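J.: Handing you a structure now.
The values are calculated or read from the model by the stated rules, or taken from the named source; none is laboratory data. The model shown is predicted, which means the values in this text are computed figures rather than measured ones. Here the Cβ positions follow ideal geometry from the backbone for every residue, glycine too, while neighbour counts run over all protein chains shown. These accessible areas exclude ligands, DNA and RNA; they are computed on the full protein's heavy atoms, side chains included. Shrake-Rupley method; radii C 1.70, N 1.55, O 1.52, S 1.80 Å.
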Amino acid sequence: MSLRVLEIIFFCYFASHIPITVFIDLQALLPGYVYPQPLRDLLRWYAEEFKDPMVLYPPEWFSSFIFCEAVFQTPFFPVAAYAFLKGGCKWIRTPAIVYSTHVATTLIPIVAHILLFKFPMKPHPGPETLQERWLLVSIYLPYLLVPVLLLLTMVLSSTYNSTTKSGHKQAKSKKN
């Protein structure tokens, strides 16, 4: 896969993440009156259709992840979207590594919770069958896989990795 294709994937990921976070994810943290009824209905439909009670009644640990999404990740989304739309922006490397490791780390307990937790039937039922659990995992999985792909791209791509031979030579010559 070419680097430019990956950059477009990353652009789409970050650009789409802005409305998802602002209009859907943050409903778990903010008071209900902040959101118009159609957005609250959309969240309720999603929670019922995909049996995701965490978005309606988030456990404290899940709320802490959403808080991090609000405070640290959301301001990064437009910056990252711009960098990957433009392409080849070396300055995005370190923030992208921080972002991707943070998000991948938070998604592991979310996926484990979905697969292993015995969800109560009330106030809102969670996934019970293996099929329901894997369906819900499939909704969260892109938010693990894309950050891992981003991390690998930032670490392994010669475009973004500043430890190439030419970069090392330039640093040496500036010292002299």
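J.: I want to confirm something. Restricting to the range 36-71 and keeping residues that are basic (Lys, Arg) and under 23 Å from Ser138 (Cβ atoms), which single residue is surrounded by the fewest Cβ atoms within 10 Å (Cβ to Cβ)? Break it down into steps so the answer makes sense when it comes.
T.: In the first step, residues of the range 36-71 are kept if they are basic (Lys, Arg); the result is 40, 44, 51.
Applying the additional criterion that residues be under 23 Å from Ser138 (Cβ atoms) yields 44, 51.
On the way: Arg44: 14, Lys51: 19.
Within the range 36-71, the match that is surrounded by the fewest Cβ atoms within 10 Å (Cβ to Cβ) is Arg44.
J.: Can you pull out the residues in the range 72-118 that are among the aromatic types (Phe, Trp, Tyr) and open to solvent by 20 Å² or more (accessible area, probe 1.4 Å)?
T.: Phe72, Phe76, Tyr82, Trp91, Phe117 - these are the residues of the range 72-118 that are among the aromatic types (Phe, Trp, Tyr) and open to solvent by 20 Å² or more (accessible area, probe 1.4 Å).
J.: Out of (1) over 19 Å from the mean Cα position of the chain (by Cα); (2) outside any loop (DSSP other than H, G, I, E, B); (3) within 14 Å of Phe10 (Cα to Cα), what's the single condition that is false for Pro38?
T.: (3)
J.: So Glu132 passes all but one of these: (1) charged (D, E, K, R); (2) part of a helix (DSSP H, G or I); (3) free of Cβ contacts under 8 Å to residues at least 12 places away in the same chain. Which condition number does it fail?
T.: The number of the failed condition is (3).
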